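This report concerns only the one structure given below.
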Amino acid sequence: MEMKTEQAVAWIEKANALIQSNKEYLTELDQAIGDGDHGLNMSRGFQEAEAKVSGTDYDTVADVFKDVATVLMSKIGGASGPLYGTAFLKMSMTVKDKDPVTEANLADAVEAALNGMKQRGKAEQGEKTMIDVWHPVADFLKNGQNVQADKLEETAERAMNETKDIVATKGRAAYLQERSKGHVDPGSTSSFYLFQALADVWKKGE
Amino acid sequence: MKKVINQADNVVREMLEGFEEAHADYVRSLEGTTVLLRKDAPVTGKVSLISGGGSGHEPAHAGYVGEGMLDAAVAGEMFTSPTPDQVFEAIKAANGGEGVFLVIKNYTGDVMNFEMARELAEAEGISVEQVVVNDDVAVEDSSFTNGRRGIAGTVFVHKAAGAKAAEGASLEDVKKVAEKVVANTRSMGVALTPCIVPGSGKPSFTLEEDEMEVGIGIHGEPGIERKKITSADDIAEELLQKVLQDSVDFQGSEVAVMVNGLGATPASELYIVNRYVQKRLRDNDIQVTHTYVGEYMTSLEMAGFSITLMKVDEELKQLLDARADTPAFRK
Ligand SMILES: Nc1ncnc2c1ncn2[C@@H]1O[C@H](COP(=O)(O)OP(=O)(O)OP(=O)(O)O)[C@@H](O)[C@H]1O
Ligand SMILES: [Mg+2]
């Protein structure tokens, strides 16, 4: 698919819808192994991001992502605010001057986002954080040609579920050590919603 | 959930408004932000101290804004770190020209948001230094993980580094003192009941009538061990042992003690704990030079307390004794 500003805005709208309807669930996940604010943080941030991008006329996808980055950075707070903010900032920088954004551009953007998040949070794959979803998704996008939306969603979903068996070594859940096992990571779950929303927009564009 | 609030979404803003009106002789708000500044900020001729973090720890952090402690406090949502733009505004408004020192509690969110703010400020030519407080011995200290949490010991950093800054010390020297406090301070807490974040409306965990959670943090996150509740002396002993067995050698030295209530434990019970702590330290040839009993770093309506020991030398003793005039701490 190709992404134009309408698809970029639709992505954020869909992501927001998924986050709002799963707000309680994200909070429950964070109560099990964190401090129970992830649903609130994400709902506050994406609500504002959606309001911003739905009410603005954009020339480029990069501008959409930049606004999303700014809103998320200043509205989410917690650990996930700087991380999601960094992700959209890096994506914006990567797709600058690309119109429309191709699958290959998007793959580069997600990879840049992943690297930015790893640098900011000093986490690697396998530490029970959202990196565990972004990493396989970035790999999947990079290796695929004519990527299928279903497969994208599946990749993200599987990665999310696999965080259940990991013992956390980063984020708040790390304080629980062994007790963090057996619970899905909240940030990986919100990241899954983000890619589920992307897959949804993608399907419509195919 | 039973709480004295209007709307969950407005809790932090309304609290800050009420705080400002209650302590207008100490603080003023920074328009359009969740920052409370010293009334006379920016104060020139000294390093400016800024602390902050999620709300729900009152009187931390705004309660320590004033002479001899903080120049500004940045409030996040309940238990959620404030965002970089808010911290950045605080840095710009508090900076008196001698640089800004950030006191950060060791939580991933706080560290990332404050560091991003620091980068923004440095890009504008403001000198910024920081310390990350990690006094909680309940959590294993390992270079592979986040390391330990910052809890009540943070107040000692505010006091000592704030006094040092008030003396006119350089940014570098303020940082040295803050690092000395961090290196010599250890804490551990226990909870008897959980707390409820207004926005979620539910307790963050549940405890049976006869259970306690040992090694609790200050955000309602679970502790390290759940067990049957025992007597005040036994609980205090358990926490003290952990603190004393940790890497700071308190034996034969002088210490400052803080018995900190987490929000719903009455002062009477904190004094009962302090009674034991003092006796136990005396018996172990540890001399207590300063004692603080009360609510310094709370966790909403959680019942429970923490014990903090800071090993002190002449410099730290003198800094603890220096003048401080803030809403929640006076000397
Ligand atoms: N160092 C890190 N790198 C990448 N992701 C992280 C890191 N630390 C935490 N996370 C992700 O953030 C999620 C938690 O986000 P949340 O919004 O609840 O912030 P928080 O940890 O509660 O922040 P705060 O400490 O300020 O309260 C985790 O589930 C995890 O996926
Ligand atoms: Mg959380």
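The values are calculated or read from the model by the stated rules, or taken from the named source; none is laboratory data. Please read all numbers here as calculations on a predicted model, not as lab measurements. Here the Cβ is made from the backbone with ideal geometry for all residues, glycine too, and neighbour counts use every protein chain on show. Keep in mind that these areas ignore ligands, DNA and RNA; they rest on the heavy atoms of the full protein, side chains included. Shrake-Rupley method; radii C 1.70, N 1.55, O 1.52, S 1.80 Å.
Before moving on, here are some points about what is shown:
- Globularity ratio of the stretch B:123-270, using Cα Rg and 2.2 N^0.38 Å: 1.19
- Across the options A:189, B:170, B:22, the greatest Cα extent toward the positive end of the charge dipole of the protein assembly as shown (unit charges at beta carbon of Lys, Arg, Asp, Glu) belongs to B:170.
- What you get for chain B, charging only the Cβ of Lys and Arg (+1) and of Asp and Glu (-1), is a dipole of about 380 debye around the Cα centre.
- Translational diffusion of chain A, estimated by Stokes-Einstein from the Kirkwood radius over alpha carbon pairs at 37 °C in a medium of 0.692 mPa s, is 198 µm² per second.
- Rounded, prolate or oblate (a/c below 1.5 giving rounded, otherwise prolate when a/b exceeds b/c) for the stretch B:43-122 by Cα gyration tensor: oblate
- Using alpha-carbon coordinates, inclination of helix A:186-205 to the longest axis of chain A, degrees: 20
- Across chain B, the relative contact order, built from alpha-carbon pairs under 8 Å that are at least six residues apart, equals 18 percent.
- Computed from Cα positions, the angle between helix A:103-121 and the longest principal axis of chain A comes to roughly 40 degrees.
- Rounded accessible area of residue A:150 (nearest 10 Å², 1.4 Å probe): 90
- Rg/Rg_ref, the protein assembly as shown, where Rg_ref = 2.2 N^0.38 Å and atoms are Cα: 0.98
- Proximal aspartates and glutamates to residue A:96, defined as alpha-carbon separation beneath 20 angstrom and excluding residues fewer than eight positions away on the same chain: A:2, A:6, A:57, A:59, A:63, A:67, A:108, A:111
- Three-way shape call for chain B based on the alpha-carbon gyration tensor, with the a/c threshold at 1.5: oblate
- Sequence-separation-based contact order of the stretch B:21-140, relative, with Cα cut under 8 Å and 6+ spacing, percent: 25
- Alpha-carbon centroids, the stretch A:131-206 and the stretch B:67-86: separation in whole Å: 32
- The alpha carbons of the stretch B:95-160 give a radius of gyration and a Dmax of 13.3, 39 Å, in that order.
- Shielding by partners, peptide B:216-225 (average Cβ within 10 angstrom, other chains): 4
- Distance from the Cα centroid of the stretch A:94-118 to that of the stretch B:162-205 is 39 Å (rounded to whole angstrom).
- When peptides B:90-103, B:63-76, B:27-40 are sorted by average Cβ neighbour count within 10 Å, with the highest value leading, the order is B:63-76, B:90-103, B:27-40.
- Average projected area [Cα convex hull, the stretch A:122-165], square nanometres: 3.0
- The overall shape of the stretch B:1-79, judged from the alpha-carbon gyration tensor, is prolate: a/c is not under 1.5, and a/b is greater than b/c.
- Calculated diffusion of the stretch A:122-198, Stokes-Einstein form, Kirkwood radius summed over Cα pairs, 20 °C and 1.002 mPa s, µm²/s: 172
- Counting only alpha carbon atoms, the long axis of helix A:5-21 and the longest principal axis of chain A meet at about 30°.
- Gap separating the Cα centres of the stretch B:298-331 and the stretch B:29-48, nearest whole Å: 22
- Between the listed residues A:104, A:146, A:134, the Cα displaced farthest toward the positive end of the dipole of the stretch A:103-174, a dipole computed from Cβ unit charges relative to the Cα centre, is found at A:134.
- For the residue pairs B:39/B:92; A:122/B:105; A:118/B:176; A:66/A:151; A:122/B:180, the C-alpha atoms sit more than 19 angstrom apart in A:118/B:176; A:66/A:151; A:122/B:180.
- Taking the Cα centre of the protein assembly as shown as reference, the dipole from Cβ charges on Lys and Arg (+1) and Asp and Glu (-1) amounts to some 520 debye.
- Build a GNM of chain A with springs between Cα atoms under 10 Å apart, and of A:93, A:117, A:130 the one that fluctuates most is A:93.
- Electrostatic dipole magnitude of chain A [Cβ: Lys, Arg +1; Asp, Glu -1; Cα centre; debye, to 20]: 540
- Here the contact order of chain A, divided by its residue count and restricted to Cα pairs under 8 Å and six or more residues apart, works out to 24 percent.
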